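The values are calculated or read from the model by the stated rules, or taken from the named source; none is laboratory data. Keep in mind that this is a model prediction, so the values were computed, not measured. Glycine also receives a Cβ, built like all others from the backbone with ideal geometry; neighbour counts cover every protein chain displayed. With ligands, DNA and RNA removed, areas are computed over all heavy atoms of the protein, side chains included. Shrake-Rupley method; radii C 1.70, N 1.55, O 1.52, S 1.80 Å.
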Amino acid sequence: MATVSPTPLLKDELDIVIPTIRNLDFLEMWRPFFQPYHLIIVQDGDPSKVIKVPEGFDYELYNRNDINRILGPKASCISFKDSACRCFGYMVSKKKYIYTIDDDCFVAKDPSGKDINALEQHIKNLLCPSTPFFFNTLYDPYRDGADFVRGYPFSLREGVPTAVSHGLWLNIPDYDAPTQLVKPLERNTRYVDAVMTIPKGTLFPMCGMNLGFNRDLIGPAMYFGLMGDGQPIGRYDDMWAGWCIKVICDHLGLGVKTGLPYIWHSKASNPFVNLKKEYKGIYWQEELIPFFQSVTLPKDCTTVQKCYIEISKQVKAKLGKVDDYFNKLADAMVTWIEAWDELNPSGAKSAELPNGAAK
Amino acid sequence: MSLPIKDDEIDIVIGALHSDLTSFMNAWRPIFSRFHLIIVKDPDLKEELKIPEGFNLDIYKKLDIDRVVGTSTSIIFSGYSCRYFGYLVSRKKYIISVDDDCLPAKDNKGFLVDAVAQHITNLTTPATPFFFNTLYDPFTEGADFVRGYPFSLRSGVTCALSCGLWHNLADYDAPTQALKPEERNSRYVDAVLTVPARTLMPISGINIAFNRDVVGPALLPCLRLAGEGKFRWETMEDIWSGMCVKVICDHLGLGVKTGLPYVWRNDRGDAIASLRKEWEGVKMMEEVVPFFQSLRLPQEATTAEDCVVEVANAVKEKLGSKDPMFARTANAMLDWVKLWKSVGGSSSSPGA
C-alpha cells in the first residue's frame with residue numbers, strides 16, 4: 001500500500017445539523033471546512049427571533065413553527081428548549097451522512113499546531129470499517145501506520161460497516177454537573193491520537209456535541225428523546241440516543257467508533273442549572289444502564305425501525321414503573337418512528353441490511 | 001490517587017533469549033535499578049549470560065529450573081516461556097515483564113518513559129470494565145468520568161493486568177509485517193483504557209505487568225506451537241495465556257488495562273522467514289477466539305487456580321478433538337496449576 005488516498009469530500013452526501021438558540025457566529029471559524037456542505041439549522045426557543053446565518057453558507061432553517069407545521073401532532077416528540085430538538089434535522093435531511101455539532105464548539109489544533117478538520121476525520125471514520133468483535137490493541141487497524149496485531153483472527157479483519165463516529169473535545173470536557181462543581185477549572189488538554197471501535201456488548205455515554213453518523217444505517221435510532229420544556233429531565237438526550245443506537249448496532253452487526261477528531265469546546269454551561277436538569281437522570285441512569293445492558297432484540301428485528309419499536313415496548317414494560325416519564329418517552333419513540341417513516345418513505349434507505357438476518 | 005507501593009512489592013522478570021544483556025540492562029538501568037530482578041535464561045540458550053554489575057537480581061538457568069520443577073517439567077519453560085518460571089518463583093505482589101529486545105521508549109515530549117512506574121500506576125488504580133469512559137482512564141491526572149457514566153460504577157474494580165504497547169517494531173504477525181516490511185509504529189497514543197468486560201483481545205507478552213496475588217496462576221506457559229521459535233512471530237504462547245487471563249478476570253470481576261506504557265522494540269528477525277512457521281498460529285486463532293468468546297465459568301470457581309482448571313477442562317472438551325495440540329495444552333494447564341500450588345507459594349486471593 002503506497003500512498004494514502006485523499007478523503008472524499010462527500011459534499012452532496014452529507015448534511016451538517018446544528019441546533020441553536022443564540023447565533024451562529026461560530027460558523028465563521030469553521031468556514032474553510034464547512035462551506036462546501038449543506039447545513040440544516042434547527043432553531044430552538046422563540047421562533048420569532050431571527051437567527052442570522054453567516055454569508056456564503058447553503059442552508060435550510062427550521063424553527064418551532066416549522067416543526068409544528070411539518071409534523072403536525074407528531075411534533076410532540078421533538079423537544080423544546082433543549083438541543084435535543086436537533087434530531088428533527090436528522091429526520092428532514094435527505095442525505096446519507098449527518099454531522100452534528102454544538103454552536104459553542106470551535107476548531108481545535110492538533111499537537112503540531114495544525115487546525116483539525118473534524119469533518120474530514122469523521123468521514124474517514126465512517127467510510128472505513130469498524131472492528132467490534134475483537135479488540136485491536138493498536139486501536140484503528142485501518143489507520144495509516146497501524147494494523148491488526150499478532151493474534152487478531154484473519155476472519156475478523158474485514159470489519160463491519162461503521163454507523164457512528166463519536167468525536168471528543170479539548171478544553172471544556174463533557175462532565176456532568178456534580179463533577180463540574182467539584183472540578184470547575186479542569187480542562188481537557190490531553191490529545192489522544194486514536195480512533196477505536198467500541199466493542200460489541202459495551203455501552204458508552206454518547207455525546208452529541210461532535211458526532212457523525214450514517215443516516216442510512218442508523219438514522220431512525222438517533223432520536224434524542226423528550227427533554228427540556230415540560231419535561232422532568234435535560235442533558236440526557238444524547239445519552240438516551242447513544243444507549244439505543246449501541247444496542248441496535250450490536251444487534252445488527254454495525255460499528256461505533258470513538259476518539260478522533262477533537263473539537264475545541266469553549267463554553268462551560270452553568271453547573272447549578274445543569275444539576276437541576278440532570279438530577280433525575282443521575283438516579284435514573286442506575287436503572288437505565290442495567291436495562292440497556294440486558295435488552296435483547298429478537299431475530300426478526302432486521303431493520304433499525306423494527307429494533308427501535310421493540311426497544312420502545314421494552315422501555316414501557318420495564319421502565320414505566322421507574323417513572324411515568326418513560327411511558328411518555330416510549331410513546332414518543334413510536335411517534336418518532338412514524339414521523340421518520342412518513343418523511344422518509346420506504347425505499348432502499350431504511351431497508352434490511354445487505355447481510356441479511358441480524359445476529 | 002494510586003496506592004503507595006513499596007519497591008519491594010515488585011519483581012521485574014526478564015526472560016533471557018539473548019545471552020548478552022549488557023546493552024539491554026544498561027538502557028533500563030535508570031528505571032530498573034531500584035527493583036529486584038529475576039532473570040530466567042532460556043534453557044535452550046548455550047552461551048553464558050553477560051549481565052552488567054549494579055543490579056539486585058536472581059538468575060535462574062536450566063540447572064536451577066530442573067532443580068525446582070524436575071527435568072521432565074522444565075521443557076515447558078523453553079524459549080519465551082522461560083519467563084513463566086520467574087513468575088512461578090517470585091513472591092512479590094506485582095510483576096513486570098518485558099522482552100529482552102525492548103528498550104525504554106520516549107513519550108510525545110521526548111522524555112524517557114518509566115514503564116515500571118506506569119504499569120504500577122495502572123495496577124494500583126481501579127479499572128472500569130462495565131461501561132466505557134470516552135475520556136479513557138478516568139483516574140489519570142486531568143481526566144474524569146464523563147457525563148452519563150453511572151455513579152455506581154465509578155469506584156471500579158481491581159486491575160489485575162496491565163498491557164503496554166511498543167514503538168518501532170509493533171507486535172504484528174509475520175504475514176502483516178512481511179507485507180509492510182518498512183512499517184514501524186511511531187504513534188504515541190497518550191491513553192490507558194480498561195478493556196471492557198467480555199471483550200477479548202490479543203494480549204502480547206512483550207510488555208506486560210500483573211498482580212500476582214490475584215491472577216498469578218492464570219498467566220501460563222501451556223500452548224506451544226509445533227514449530228515454535230525464538231521470534232515473537234513464531235509463538236502464540238502469550239496470546240493463549242492472555243485469552244485465559246481475560247476470561248478469568250471477567251469471571252472474577254477484575255480489570256485489564258491496555259495502552260501506556262510504550263517500550264521501544266528493536267528490529268529483529270525476518271518476517272518472511274517466519275511466515276512458514278506462523279501459519280499454524282494464525283489458523284489456530286480461528287478456533288480459539290469463538291471458543292473463548294462463548295466460555296462461561298461456573299460460579300464456584302472463585303480463585304485463579306480454580307478458573308484455570310475450569311478453562312483447561314473446557315479446552316479438553318471443546319477443542320481437544322480439533323487438534324492434539326489443544327489436548328496437550330489442556331493437560332499442561334492442569335499440570336501448571338499443580339506446579340503453582342506446590343512451588344508457587346500461597347494460593348492466590350479470591351477475586352475481588
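For the stretch A:177-235, which positions are part of a loop (DSSP other than H, G, I, E, B), touching a Lys or Arg at 6+ places or on another chain (Cβ under 6 Å) and more than 10 Å from chain B (Cβ to nearest Cβ)?
Listed by number, the residues that qualify are A:229, A:232, A:233, A:234.
Please find, among B:100, B:66, B:58, the residue that is within 25 Å of residue B:218 (Cα to Cα), open to solvent by 10 Å² or more (accessible area, probe 1.4 Å), at pLDDT below 95 and not small (Gly, Ala, Ser).
B:66
Determine which single condition residue A:249 fails, assuming it passes every other condition in (1) modelled with pLDDT of 95 or more; (2) part of a loop (DSSP other than H, G, I, E, B).
So the condition that residue A:249 fails would be (2).
Please go through the stretch A:240-276 and pick out each residue that is β-branched (Val, Ile, Thr) and open to solvent by 10 Å² or more (accessible area, probe 1.4 Å).
A:247, A:273
Looking only at the stretch A:141-168, which residues are of a type in the set (S, T, N, Q) and either touching a Phe, Trp or Tyr at 6+ places or on another chain (Cβ under 8 Å) or in a loop (DSSP other than H, G, I, E, B) (or both)?
The answer is A:165, and nothing else.
What pairs can you find where one residue is in the stretch A:271-292 and in contact (Cβ under 8 Å) with a residue 24 or more places away in the chain, the other is open to solvent by 20 Å² or more (accessible area, probe 1.4 Å) and of a type in the set (Lys, Arg), and their Cβ atoms are less than 6 Å apart, with a gap of 6+ or different chains?
From residues that are in contact (Cβ under 8 Å) with a residue 24 or more places away in the chain, the pairs are A:277/A:235; A:278/A:235; A:291/A:318.
Would it be correct to say that residue A:243 is without any contact (Cβ under 8 Å) to a residue 60 or more places away in the chain and either over 30 Å from residue A:10 (Cα atoms) or assigned to a loop (DSSP other than H, G, I, E, B) (or both)?
no
Name the one entry in A:195, A:149, A:164 that is crowded, with 22+ Cβ neighbours inside 10 Å and farther than 30 Å from residue A:297 by Cα.
A:149
Before we move on, is residue B:161 closer than 27 Å to residue A:204 by Cα, more than 8 Å from chain A (Cβ to nearest Cβ), not in a loop (DSSP other than H, G, I, E, B) and not basic (Lys, Arg)?
So residue B:161 passes the test.
Considering the stretch A:283-312 alone, what residues qualify as being open to solvent by 10 Å² or more (accessible area, probe 1.4 Å) and polar (S, T, N, Q)?
If the condition is that a residue be open to solvent by 10 Å² or more (accessible area, probe 1.4 Å) and polar (S, T, N, Q), then A:293, A:294, A:296, A:302, A:303, A:305 are the ones that fit.
When you go through B:117, B:174, B:178 one by one, which is the residue that is of a type outside the set (Lys, Arg), on the phi < 0 side of the Ramachandran plot and either open to solvent by less than 10 Å² (accessible area, probe 1.4 Å) or at the interface with another protein chain (Cβ under 9 Å from one of its Cβ atoms) (or both)?
B:174
Name, by its number, the condition in (1) crowded, with 20+ Cβ neighbours inside 10 Å; (2) at negative phi that does not hold for residue A:280.
In the conditions (1) crowded, with 20+ Cβ neighbours inside 10 Å; (2) at negative phi, residue A:280 misses (1) alone.
I'd like the full set of residues that are open to solvent by less than 10 Å² (accessible area, probe 1.4 Å), more than 7 Å from chain B (Cβ to nearest Cβ) and hydrophobic (A, V, I, L, M, F, W, C), limited to the stretch A:167-176.
A:169
Yes/no per residue for (1) free of Cβ contacts under 8 Å to residues at least 60 places away in the same chain; (2) among the aliphatic types (A, V, I, L, M); (3) within 13 Å of chain A (Cβ to nearest Cβ):
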| site | (1), (2), (3) |
| --- | --- |
| B:199 | yes, no, yes |
| B:206 | no, yes, yes |
| B:210 | no, no, no |
| B:250 | no, no, yes |
| B:258 | no, no, yes |
| B:266 | no, no, no |
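Out of the stretch B:285-328, which residues are within 20 Å of residue B:252 (Cα to Cα), open to solvent by less than 20 Å² (accessible area, probe 1.4 Å) and free of Cβ contacts under 8 Å to residues at least 24 places away in the same chain?
B:314, the sole residue that qualifies.
Taking the stretch B:6-60, which residues are touching a Cys at 6+ places or on another chain (Cβ under 7 Å) and among the acidic types (Asp, Glu)?
B:42
Would you mind stating whether residue A:315 is surrounded by 23 or more Cβ atoms within 10 Å (Cβ to Cβ) and farther than 22 Å from residue A:210 by Cα?
Here the answer is yes, as residue A:315 does meet what is asked.
Being open to solvent by less than 20 Å² (accessible area, probe 1.4 Å) and of a type in the set (Gly, Ala, Ser) is the filter here, so list the residues in the stretch A:19-76 that pass it.
A:45, A:75
Among residues belonging to the stretch B:103-114 that are over 10 Å from residue B:167 (Cβ atoms) and among the hydrophobic types (A, V, I, L, M, F, W, C), point out the one that is surrounded by the most Cβ atoms within 10 Å (Cβ to Cβ).
That would be B:112.
Residue-by-condition table, conditions (1) more than 16 Å from the chain's Cα centre (by Cα); (2) part of a strand (DSSP E or B); (3) surrounded by 19 or more Cβ atoms within 10 Å (Cβ to Cβ):
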position: A:99; (1), (2), (3): no, yes, yes
position: A:111; (1), (2), (3): yes, no, no
position: A:119; (1), (2), (3): no, no, yes
position: A:123; (1), (2), (3): no, no, yes
position: A:126; (1), (2), (3): no, no, yes
position: A:133; (1), (2), (3): yes, no, yes
position: A:136; (1), (2), (3): yes, no, yes
position: A:139; (1), (2), (3): yes, no, yes
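Name the one entry in B:238, B:250 that is open to solvent by 10 Å² or more (accessible area, probe 1.4 Å), of a type in the set (Asp, Glu) and under 20 Å from residue A:135 (Cβ atoms).
Testing whether each residue is open to solvent by 10 Å² or more (accessible area, probe 1.4 Å), of a type in the set (Asp, Glu) and under 20 Å from residue A:135 (Cβ atoms) leaves just B:250.
Please note which helices (runs of 4 or more DSSP H) are completely contained in the stretch B:171-279 and include at least 1 residues that are touching a Lys or Arg at 6+ places or on another chain (Cβ under 7 Å).
Passing ranges, in order: B:212-215, B:237-252.
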